[in-house]
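None of the figures in this text is laboratory data; all of them are computed from the coordinates on show. Everything numeric in this text was worked out from a predicted model, so none of it was measured. Cβ atoms come from the backbone with ideal geometry, glycine included; neighbour counts cover every protein chain shown.
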Amino acid sequence: MRFVMLRENGPMQNGIVPYFTVVQPDGTPCFRIIGEKNPFTGKLALQDGKGTECARILRVGTPSLSYHTIWEAERKRAVLTRNLGAPKTPYRLYSIGWKFRGDCFSGNFDVVDRRGRTIMTHGLCWYAGQERVCVETFRGEEALCLCIAAVVDSTPRTPMVSPCMGVSR
């Protein structure tokens, strides 16, 4: 299935912030991603069009170094780590046998299984006159793939530069 993720900038209500509305290419809304903004922990929820939670993401750590657990139907599906100080592999997936292929910082990557078969593609696209994120899933894992995309897309697109990586004198 193909999806377009539209970043939301709506106001916080009762401590909940809207992150993304996920639509089909024809504009039909199908999911929302909402959550809490907190510097050291966080929760995101993937909701269907009726507001029912399909999956949730629990984060521990800072926005640049964190551990994300993705739950679906009260079952732990995957663990995703983010280390923006590791330029070659800033994101890693555990407990499902999948890995990233491509450039997560530019937003153009695939998630593949152990055999190299594509589970999802993620890239920037032009939609409704603006640059957006497009996700295509291939194995019926829409909720899990959208959660992975939400983690990657909730971080800055450019690598963070550490003060210790400056020019030596």
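Here are some notes:
- When the residues of the stretch 11-20 are filtered to those that are without any contact (Cβ under 8 Å) to a residue 40 or more places away in the chain and part of a strand (DSSP E or B), the one that is nearest to LEU146 (Cα to Cα) is PRO18.
- Applying the criterion of being without any contact (Cβ under 8 Å) to a residue 60 or more places away in the chain and over 14 Å from LEU80 (Cα atoms) to the residues of the stretch 44-61, the residue that is surrounded by the most Cβ atoms within 10 Å (Cβ to Cβ) is ALA45.
- Residue list for the stretch 90-122, restricted to those being surrounded by 15 or more Cβ atoms within 10 Å (Cβ to Cβ), closer than 23 Å to GLU8 by Cβ and not hydroxyl-bearing (Ser, Thr, Tyr): CYS104, PHE105, GLY107, PHE109, MET120, HIS122
- Cβ-Cβ under 6 Å pairs, at least 6 apart or on other chains, the stretch 82-94 side within 16 Å of CYS145 (Cα to Cα), far side in a loop (DSSP other than H, G, I, E, B) and of a type in the set (A, V, I, L, M, F, W, C): TYR91/CYS104
- Screening the candidates LYS88, LYS43 for the property of being in a loop (DSSP other than H, G, I, E, B) and basic (Lys, Arg) yields one hit, LYS88.
- Subset of the stretch 62-72 [surrounded by fewer than 20 Cβ atoms within 10 Å (Cβ to Cβ) and either among the aliphatic types (A, V, I, L, M) or touching a His at 6+ places or on another chain (Cβ under 9 Å) (or both)]: LEU65
- The stretch 115-141 residues that are within 12 Å of VAL4 (Cα to Cα) and without any contact (Cβ under 8 Å) to a residue 24 or more places away in the chain, paired with ones that are basic (Lys, Arg) and not in a loop (DSSP other than H, G, I, E, B) (beta carbon under 8 Å, 6 or more apart): LEU124/ARG132; TRP126/ARG132
One line per residue, one yes/no per condition, for (1) part of a strand (DSSP E or B); (2) more than 27 Å from GLY129 (Cβ to Cβ); (3) more than 15 Å from the chain's Cα centre (by Cα); (4) not aromatic (Phe, Trp, Tyr):
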| residue | (1), (2), (3), (4) |
| --- | --- |
| ASN9 | no, no, yes, yes |
| VAL22 | yes, no, no, yes |
| CYS30 | yes, no, yes, yes |
| ASN38 | no, yes, yes, yes |
| GLN47 | yes, no, no, yes |
| GLY51 | no, yes, yes, yes |
| ALA55 | yes, yes, no, yes |
| ARG59 | yes, yes, no, yes |
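- Taken over the stretch 73-84, residues that are exposed (fewer than 14 other Cβ atoms within 10 Å of the Cβ) and either in a loop (DSSP other than H, G, I, E, B) or within 18 Å of the chain's Cα centre (by Cα) (or both) amount to 3.
- Within the stretch 29-43, if we keep just the residues that are in contact with a Gly (Cβ under 9 Å, 6 or more places away or on another chain) and more than 18 Å from TYR67 (Cα to Cα), the residue that is surrounded by the fewest Cβ atoms within 10 Å (Cβ to Cβ) turns out to be PRO29.
- Residue in the stretch 124-137 that is of a type in the set (A, V, I, L, M) and either over 16 Å from ASP153 (Cα atoms) or surrounded by fewer than 13 Cβ atoms within 10 Å (Cβ to Cβ) (or both) present: yes
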